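S.K.: Structure in structure tokens, see below.
Throughout, read-outs are computed from the coordinates displayed, never taken from laboratory work. Just so it is clear, the model here is predicted, and its values are computed rather than measured. Cβ placement follows ideal geometry from the backbone for every residue including glycine, while neighbour counts extend to all protein chains displayed.
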Amino acid sequence: MSQTDEEKLAEFEARIARGEKIEPGDWMPDEYRRQLIRMISQHAHSEVVGMLPEGAWITRAPNLRRKMVLLAKVQDEAGHGQYLYHAAETLGATREQMLADLLSGKAKYSSVFNYPTLTWADNAAIGLLVDGAAIKNQTMLAHCSYGPYSRAMVRICIEEGFHKKQGLEMIIRYAQGTPVQREMMQDAINRWWWPSVKMIGPHDSDSPNTPVLKRWGVKTKTNDEVRQEFINEMAPILLELGYTLPDPGLHQDENGDWRHGPIDWDEFWQVVRGNGPCNKERLAARQKAHEDGLWVREAVAAYAEKRQSVMAEG
Ligand code: BYC
């Protein structure tokens, strides 16, 4: 006898409660599929757009070692985009549609990549703060209920760990460096602190997707919980190194948690809506890359067609 939708839902939720992974061919509620496609495709876009701010410094790295590290990091981000687009494809999303939505400006990607990288030290700040915030969120997502996303997150988190360490290494070096180096690093921290705090997502009271994502085991923590973990880790590291943070309200409470002051959410929503300092520049760069890559797509398609006809001829 075939199951009703209610029975299927009950079984789906029981599987999640038992800690089982949901796999691509399994029954899932339409809303679970929609939420995952939304989140995973936004995540993929963030990785690909996220290559741009640091990528701009590859030709200007201060030495060969730094250049090799940065090249490896940016290349990792391209790989993360690939895993994530594949994970979204397992849910029925097409690569063409996801890319069309990114290039037309319809799709969201992380707000944090819409700020400029003004000095070399910005790469250090991105490594520690942006990758650090991403890791807090992604370590949680590595335990998520959807198999392909959780497995992609395990590998991505390992690589992000290296990204964060290379950022921290530079931040430590500059703390011990000349006054000009320390000042350059402090300026980068001042500019990347709030975008990193905000990239974790709006306060729980303004986060419409969190309840359903928690119910179905995609998120296991709320945005504010992840943000608290991030600030608790970062504030002592940076203060210990002699840097300051651009938040006059930052303080440690009686439980040892580092509490932030008020967050300028209007600025965040402006960036999310496309009005940040670099939104237009980022989209233009992706559009140009897509146009420049047309001959590669055509060559791959022609090769595939030729191969198929040769195989058919026997
Ligand atoms: N930027 O209900 P909420 C990286 C949107 S890249 C823009 O809380 P949710 C790296 C949100 O989409 C890693 N939009 O949403 C790469 C929603 O709008 P829609 C980036 C944002 O999904 C290169 C609305 O606001 N990480 O590591 O429960 C170099 C309401 O929000 C943002 C990921 O993508 C934002 N920051 O929670 C270096 C992780 N925040 O879609 C590093 C995957 C929120 O309903 N994503 N919005 O129209 C997630 O974990 C979750 O989607 C979020 C938001 C925590 C980001």
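S.K.: If I ask for residues that are over 19 Å from the mean Cα position of the chain (by Cα), of a type in the set (V, I, T) and within 16 Å of the ligand (Cβ to nearest atom), which ones from segment 150-188 would you list?
M.R.: Result: I171, single match.
S.K.: Taking G256 as meeting all but one of (1) surrounded by 10 or more Cβ atoms within 10 Å (Cβ to Cβ); (2) under 24 Å from L128 (Cα atoms); (3) more than 24 Å from the chain's Cα centre (by Cα), write down the number of the exception.
M.R.: (1)
S.K.: Follow-up question, since we're still on this one. Any chance segment 179-192 includes a residue that's in contact with a helix residue (DSSP H, G or I) (Cβ under 7 Å, 6 or more places away or on another chain), closer than 17 Å to E47 by Cα and surrounded by fewer than 23 Cβ atoms within 10 Å (Cβ to Cβ)?
M.R.: No, segment 179-192 contains no residue that is in contact with a helix residue (DSSP H, G or I) (Cβ under 7 Å, 6 or more places away or on another chain), closer than 17 Å to E47 by Cα and surrounded by fewer than 23 Cβ atoms within 10 Å (Cβ to Cβ).
S.K.: Something else now. Take segment 79-122 and flag every residue that is near the ligand (Cβ under 10 Å from one of its atoms) and either in contact with a Lys or Arg (Cβ under 8 Å, 6 or more places away or on another chain) or not charged (D, E, K, R) (or both).
M.R.: H80, G81, L84, A107, Y109, S110, S111, V112, F113, N114
S.K.: Being more than 15 Å from the ligand (Cβ to nearest atom), more than 11 Å from the chain's Cα centre (by Cα), under 20 Å from Q166 (Cα atoms) and among the small types (G, A, S) narrows it down to one of A61, A56, so name that one.
M.R.: A61
S.K.: Can I ask one more? Please tell me if E31 is surrounded by fewer than 16 Cβ atoms within 10 Å (Cβ to Cβ), farther than 19 Å from K219 by Cβ and not hydrophobic (A, V, I, L, M, F, W, C).
M.R.: On the way: surrounded by fewer than 16 Cβ atoms within 10 Å (Cβ to Cβ): yes; farther than 19 Å from K219 by Cβ: no; not hydrophobic (A, V, I, L, M, F, W, C): yes.
Judged against the criteria, E31 is not a match.
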